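Read-outs throughout are calculated quantities, based only on the coordinates presented, and are distinct from any laboratory measurement. Please read all numbers here as calculations on a predicted model, not as lab measurements. Neighbour counts are summed over all protein chains in view; Cβ atoms, including those assigned to glycine, are modelled from backbone coordinates with ideal geometry.
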Amino acid sequence: MLNALVATYGWPGLADRIPVRCFASDPSISSSLKFLRKTPWAREKVEGLYLFMLRDQRRQSR
């Protein structure tokens with residue numbers, strides 16, 4: 001999920017959409033996953049953005 005978001009939006013785009021330090025300051029997949037495992041509110045925001053991305057991709061492919 002996180003890999004797909006990074007591929008679509010990039011780290012700066014993720015940091016703009018979800019303002020957490022793990023996306024803005026020296027971002028990596030492993031540090032972001034550690035943070036998201038421990039922080040339910042941030043995980044919910046990432047999951048919501050992922051669902052939005054999937055719906056948007058489906059809408060564009062029609």
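Quick notes on this one:
- Each helix, a run of at least 4 DSSP H residues, gives -39500 (n - 2.57); summed and divided by the residues of the chain, these come to -26500 deg cm²/dmol at 222 nm.
- Taking 17 Å as the cut-off, the amide N atoms of the range 35-49 that come nearer than this to a point 7 Å along the Cα-to-beta-carbon line of Arg21 belong to 35-43.
- In the chain, Cα pairs under 8 Å separated by at least six residues give a relative contact order of 30 percent.
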